[in-house]
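J.: Can you read through this structure? Questions will come right after.
The values are calculated or read from the model by the stated rules, or taken from the named source; none is laboratory data. Values in this document were obtained by computation on a predicted structure and should not be read as measured data. Positions of Cβ are generated from backbone atoms using ideal geometry, with glycine treated the same way; all protein chains shown enter the neighbour counts.
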Amino acid sequence: MTILLTGATGVIGSYVVRALLEQDQTVIGVSSRGDPRLLGDTKNDVSLERCDIRDHERMDQLIKRSDVETVIHLAALMPAVCRARPVDAVEVNVTATAGLYASAARRGVRRFVYASSKSVYGPELPPAHGPPEYRPIPEELPARPVWMYDVTKRAGELVIDAQRRLGGPEGTSLRFATIYGPGKGARYGDASVLSRLIETAIVGGHASLEHGGDQVDDMIWVGDAAEGVVQAALHEGPVRPFYNIGSGRGTAIREFIDQICAIRPRAKIEIGPGLRYMGAEPTYGVLDARHAREDFGLAIDPDPVRGAMLFEQALAKLRG
């Protein structure tokens, strides 16, 4: 199968590339950066096209000439950029998504997998899904986005669903839990707090966070998130319009980091009390991921020590 993957050189995209290649899929990667460093030793095994996804004509021709069967759309502007450049946020996260789906429909693509976010649920969840209960958030919970990134991600879901009703390819939107992994510190701005703390702990460094240690969140290794993307793309049966991709289990960030520091005695990470360790904008909580488990068999292990070990191995490969 030939798969077009936008955001192929990004934090999640680089792991999706690896997972697809392991499944013997042909990958056409699209990236506006042209920086393949996160791909590591797999960069020579994927066809990379440097292209802005807002270039609708070029994206359309790329789908046509490559005989693409599935599109995985990961490319997006992150929260900090969306706040600073709202017009670009709409052009990239909404208009380009609509254009890409339209091209997929015109060229006979079978399935369209869209990377959404748990942020579509909004930062103010119903009380049962916040402290102290933290009941898992189901996909059926009404979306109530507030901030620019949240709104554009939800709009992307809606334009896909609207076009699908007119006969486009089967589409599914994936709402991810909080993801950590190499590269987030450089590319995700203030949404990379967790990854920076984990990397500091791995190398035995010192760091402090003024507040947020009591915040419970669903935190997953980037490779597990990528596996969810691949399973949604390759699943032989029908897919649902939305899937939560998470572990279904919540952990307070202080407890999460303390478990990693326990295997790195030189590390000293201090996190103050309170909630919202990344600030007021993100959505915190636990995702109900039973549909991904039922349909794809996706079971994500939230163990912090396992995640830290995988993080350390990934850093060694990239630096080596």
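J.: What pairs can you find where one residue is in the range 300-320 and over 19 Å from Gly10 (Cβ atoms), the other is basic (Lys, Arg), and their Cβ atoms are less than 6 Å apart, with a gap of 6+ or different chains?
T.: Pairs found: Pro302/Arg249.
J.: Mind listing just one residue for me: the one in the range 236-247 that is touching a strand residue (DSSP E or B) at 6+ places or on another chain (Cβ under 8 Å) and assigned to a loop (DSSP other than H, G, I, E, B) and, of those, surrounded by the fewest Cβ atoms within 10 Å (Cβ to Cβ)?
T.: Taking the candidates together, the pick is Pro238.
J.: Restricting to the range 69-123, give me the number of residues that are in a loop (DSSP other than H, G, I, E, B), under 14 Å from Gly171 (Cα atoms) and among the small types (Gly, Ala, Ser).
T.: The qualifying residues number 2.
J.: Within the range 111-125, which residues are surrounded by fewer than 24 Cβ atoms within 10 Å (Cβ to Cβ), over 14 Å from His73 (Cα atoms) and not aliphatic (A, V, I, L, M)?
T.: Of everything in the range 111-125, those that are surrounded by fewer than 24 Cβ atoms within 10 Å (Cβ to Cβ), over 14 Å from His73 (Cα atoms) and not aliphatic (A, V, I, L, M) turn out to be Gly122, Pro123, Glu124.
J.: Out of the residues in the range 225-235 that are of a type outside the set (A, V, I, L, M, F, W, C) and surrounded by fewer than 24 Cβ atoms within 10 Å (Cβ to Cβ), state the one that is nearest to Met309 (Cα to Cα).
T.: Filtering first and then ranking leaves Glu227.
J.: Being surrounded by 16 or more Cβ atoms within 10 Å (Cβ to Cβ) and in a strand (DSSP E or B), is that true of even one residue in the range 40-63?
T.: Scanning the range 40-63 turns up at least one residue that is surrounded by 16 or more Cβ atoms within 10 Å (Cβ to Cβ) and in a strand (DSSP E or B).
J.: Within the range 61-79, track down each residue that is touching a Phe, Trp or Tyr at 6+ places or on another chain (Cβ under 8 Å) and farther than 19 Å from Ser31 by Cβ.
T.: Within the range 61-79, Pro79 is the sole residue that qualifies.
J.: I would also like to ask the following. Just to be sure I understand, how many residues within the range 50-65 are closer than 23 Å to Leu174 by Cβ and in contact with a strand residue (DSSP E or B) (Cβ under 7 Å, 6 or more places away or on another chain)?
T.: Qualifying residue count, the range 50-65: 4.
J.: Consider only pairs whose beta carbons are under 7 Å apart and that are at least six residues apart or on different chains; among these, list those whose first residue lies in the range 1-29 and is over 14 Å from Ala232 (Cβ atoms) and whose second residue is assigned to a helix (DSSP H, G or I) and among the acidic types (Asp, Glu).
T.: That search, which allows pairs on different chains as well, returns Leu21/Asp45.
J.: Could you tell me whether the range 173-190 includes any residue that is more than 15 Å from Gly122 (Cα to Cα), in contact with a Lys or Arg (Cβ under 8 Å, 6 or more places away or on another chain), at pLDDT 95 or above and crowded, with 24+ Cβ neighbours inside 10 Å?
T.: No, because not a single residue in the range 173-190 is more than 15 Å from Gly122 (Cα to Cα), in contact with a Lys or Arg (Cβ under 8 Å, 6 or more places away or on another chain), at pLDDT 95 or above and crowded, with 24+ Cβ neighbours inside 10 Å.
J.: Restricting attention to the range 126-145, and to residues there that are in contact with a Lys or Arg (Cβ under 7 Å, 6 or more places away or on another chain) and without any contact (Cβ under 8 Å) to a residue 24 or more places away in the chain, which single residue is surrounded by the most Cβ atoms within 10 Å (Cβ to Cβ)?
T.: Only one residue tops the list, namely Ala143.
J.: Can you tell me which residue in the range 81-95 is nearest to Trp147 (Cα to Cα), limited to those that are crowded, with 23+ Cβ neighbours inside 10 Å and among the hydrophobic types (A, V, I, L, M, F, W, C)?
T.: If we take residues in the range 81-95 being crowded, with 23+ Cβ neighbours inside 10 Å and among the hydrophobic types (A, V, I, L, M, F, W, C), then Cys82 is nearest to Trp147 (Cα to Cα).
Here's the yes/no breakdown for (1) of a type in the set (Val, Ile, Thr); (2) within 29 Å of Ala267 (Cα to Cα); (3) crowded, with 18+ Cβ neighbours inside 10 Å:
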| position | (1), (2), (3) |
| --- | --- |
| Arg164 | no, no, no |
| Gly212 | no, yes, yes |
| Asp218 | no, yes, yes |
| Val222 | yes, yes, yes |
